[in-house]
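Structure first, then comments.
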Amino acid sequence: MAKKQFKTESKRILDLMINSIYTHQEIFLRELISNASDAIDKLCYLSLTDDNVKMERSDFKIKLGVSEEERIISVSDNGIGMTKEDLEKNLGVIASSGSLRFKNEMDKTGDASELDIIGQFGVGFYSAFMVSDKVTVITKAYGSETAYKWESEGTDGYTITECEKDSVGTDIIMNIKEDVEESEYTRFLNEMSIGQLVKKYSDFIRWPIVMDGIQYEEVETGELDEDGNPIMTTVEVPAEETINSMVPIWQLPRDEVSKEESDEFYQNTFYDYAPPISTIRVNAEGQVTYKAMIFIPGRAPSNFFSDQFEDGLQLYSSGVMVMDRCKDVIPECFRFVRGIVDSLDFPLNISRETLQHSRQLKIISNNLEKKIKNELIRLMDEEAEEYDKFYESFGTHLKYALCANYGEKKELLRDLMMFYSSREKELIPLREYKEKMPEEQKFIYYVCTSSVLQAENLPQAEQVRDHGYEILYMLDDEDEFVIRALKEHEGIAFCNITTDDLGLETEEDKTQTEKQEEENRELLDFVKETLGESVSDVKLSTKLKTHPVYLTTEGDVSIEMEKYFSVMKNNEMAQGIKAQRVLELNASHEAFKSLSEAFESDKEKAKLLSKLLHSQALLIAGLPLENPSEYTELVCSLF
Ligand code: ADP
């Protein structure tokens, strides 16, 4: 019979498996057991809703077999099985999730770390080829009359033929390779080492993993003793022995689970390279009784900001998974966490629709919301480095979440925000800013900027800095929206140093500036007229000290916001969002005096100087010049 060929990519992975290094080989059993367990989950789930499945929960099991003489290890399950099409689709090409994930990671990281990925990650079914020179899969799908046999000796292809199999489920039969110098495959060929591998990697699997063993039973010999009682004897009877403890990790008491076990469980279940930065255990009793194990990842998966990211927690009811990704049990703002919620209060055969509206889920969600926030605050306080790592990955998400739905979650999330501090030269929480504020300081000062350097040199910042006040640099696009949503922090208003009144001038200063403005009214009008539509007003500044000029705005739209929206080229409405720019001049600067003199004696020169000052203000604000060559000419004309 002609062999079918594996797809090229599958071949490459198979090659890798065949040549895998010694220490990685043992994961093959974990991978096959995990597939078997998934297959049982699927059939068990069906049995909840489909009366045709004549299986009891207690009937399900995974059976391991080992024969040293024949050099065979087998993994059998009575799960959902595979049809002929499933076999083609799942085992012939690299479309299955385990292998696909492996391939994606491999593409990302390059060949160098291929082998590391195997160790941490697993590759699913193909890992059988790490230890076997031939793999046979005998399977009968639920609802199908025919069973099929898939056979392969590695990269030269596979065959699928019809065969006999009594019951629904799958047997994976591996012919274990002969020993070679680098690898003694015989080490797997005994019950003890198979048992150890199950304990090491698959102890928490919720279905019994059994092996044939013997049991000692007391039986009657048929004879009676002097007192007339039957004489008993001990005999060996064949019996299946369950090797795994089957208690899910989240059901075990906290102190019985080591950090290594917990991390490994997370990495294998949720496919992450790295361990979580934090693990939250919840054991709640009350309105809803449930256990939860929540993991905070240290990094965002590559698809986190795309539609492909699937959020939600796994939902279990009495140890049976009822939903793989339940969104309603976790608030949207913390959708990056992974984990499991197990409650006896969830009915087993509940539909997704009913579950969505369940009051219990709402209660759990509220509860988890608090726990996750508290844990993040704890990290911030006690493990700052870990929090920084977390914030780097998920800070943007938290900011969006804070602004979403008109700031619905702003009170929950405000304490988790961090901004760059002019004083500390690093990200700090708002709480820290507030604690260090001198008593007389009225506002929390901030500036929206694209770089620290730009912010450090902003003319408007001078006065604030001279007072010794700290300034928060809003370096990300979303920051300004966050500040607007928050409005204040613990009763102290935010003050944008480029647009708001800094609150630093005395009444006297203000009257003085107003008076000066009146005196220079004609000049200011002249400058406005010269600059036309590019500014909506020209004023004298109360903020400037050593700089001659800067640009501020009036109204709701700031320059940073205009920049933010201008990038959305296809959005007409966004393009229409423009800041109303106001040019402010420093009346005590030499440049202003020259402008004033030119206005009296040489109107052409005054026009030129007005344009120059405006261009400078644009440059300082980090905005493009409308006509850069005109600006260069203007500068040169002064030589
Ligand atoms: P993953 O398990 O991550 O999806 P695998 O390569 O291990 O990737 O398996 C590919 C697919 O083959 C599985 O998704 C499943 O549909 C099917 N499969 C593997 N083993 C079994 C099994 N024992 N019973 C039923 N289906 C299986």
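The values are calculated or read from the model by the stated rules, or taken from the named source; none is laboratory data. All values derive from a computational prediction rather than experimental measurement. Backbone-built Cβ (ideal geometry, glycine too); neighbour counts: all protein chains shown. We work out accessible area using only protein heavy atoms, side chains counted, and drop any ligands, DNA or RNA first. Shrake-Rupley method; radii C 1.70, N 1.55, O 1.52, S 1.80 Å.
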Completion exercise
For the chain, the per residue accessible area (1.4 Å probe, Å²) is 50 Å²
Practice task
Compute the relative contact order of the range 437-486 as a whole-number percentage, counting only Cα pairs closer than 8 Å that sit 6 or more residues apart in sequence.
Solution key: 45 percent
Practice task
Take the Cα coordinates of the range 261-313, assign each an equal point scatterer, and use the Debye formula without solvent to give log10 I(q)/I(0) at q = 0.26, 0.28 Å⁻¹.
Solution key: -1.06, -1.14
Exercise for the section: Considering only DSSP beta bridges where both residues belong to the range 504-600, give the percentage that are antiparallel (nearest 5). Expected result: 60 percent
Exercise for the section: Determine the relative contact order of the range 249-391: mean sequence separation of Cα pairs under 8 Å and six or more apart, normalised by residue count, in whole percent. Expected result: 22 percent
Exercise for the section: Using per-residue counts of other Cβ atoms within 10 Å, averaged over each peptide, order 449-459, 507-517 from highest down. Expected result: 449-459, 507-517
Practice task
Hand me the GluC sites (Glu not before Pro) from the range 213-283 located in a DSSP loop with no more than 13 other Cβ atoms within 10 Å, in residue order please.
Solution key: E226
Exercise for the section: Work out the length of the dipole vector of the chain about its Cα centre, built from +1 on the beta-carbon of each Lys and Arg and -1 on the beta-carbon of each Asp and Glu, and round it to the nearest 20 debye. Expected result: 1740 debye
Fill in the blank from the handout: A 1.4 Å probe over the protein heavy atoms gives the range 249-391 a carbon and sulfur accessible-area percentage of 45 percent
Problem - Across K61/K327; K200/K370; K370/K434; K515/K603, pairs whose alpha-carbon gap is larger than 28 Å - result: K61/K327; K200/K370
Exercise for the section: Quote the accessible area belonging to M232 in square angstrom, nearest 10, computed with a 1.4 Å probe and with ligands, DNA and RNA left uncounted. Expected result: 90 Å²
Fill in the blank from the handout: Quick tally, 1.4 Å probe accessible area for T269, T289, T139, sorted with the most first, runs T289, T269, T139
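Once the Cβ-Cβ distance between D255 and Q196 is put in as r, and R0 is 25 Å, what FRET efficiency do you end up with, to the nearest 0.05?
Step by step, r from the Cβ atoms, then E = 0.60.
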Practice task
Place a +1 charge on the Cβ of each Lys and Arg in the range 482-610 and a -1 charge on the Cβ of each Asp and Glu, then give the dipole magnitude about the Cα centre in debye, rounded to the nearest 20.
Solution key: 580 debye
Problem - Peptide ranges 373-379, 588-594 listed from the most packed, as the mean C-beta count within 10 angstrom indicates - result: 373-379, 588-594
Problem - Pairs from K545/K611; K3/K199; K199/K399; K177/K259 whose Cα-Cα separation, in the structure shown, is over 32 Å - result: K3/K199; K199/K399; K177/K259
Problem - Estimated D of the range 417-504 in µm² per second, where Rh is the Kirkwood radius over Cα pairs and Stokes-Einstein applies at 4 °C, 1.567 mPa s - result: 101 µm²/s
Practice task
Please report, as a whole percent, how much of the solvent-accessible surface of the range 504-639 comes from carbon and sulfur atoms (probe radius 1.4 Å).
Solution key: 50 percent
Handout entry: Most to least accessible of R281, R254 (protein chains only, probe 1.4 Å)
Key = R254, R281
Handout entry: Rg/Rh (Cα only; Kirkwood hydrodynamic radius) as it applies to the chain
Key = 1.16
Exercise for the section: Using only protein heavy atoms and a 1.4 Å probe, report how much of E604 is accessible, in Å² to the nearest 10. Expected result: 120 Å²
Problem - Rounded to the nearest 10 Å², the accessible area of T170 at probe 1.4 Å - result: 10 Å²
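Mean separation of Cα pairs under 8 Å and 6+ residues apart, divided by the residue count of the chain: what relative contact order is that in percent?
On the way: 1040 pairs, mean separation 49.1, N = 639.
Relative contact order of the chain: 8 percent.
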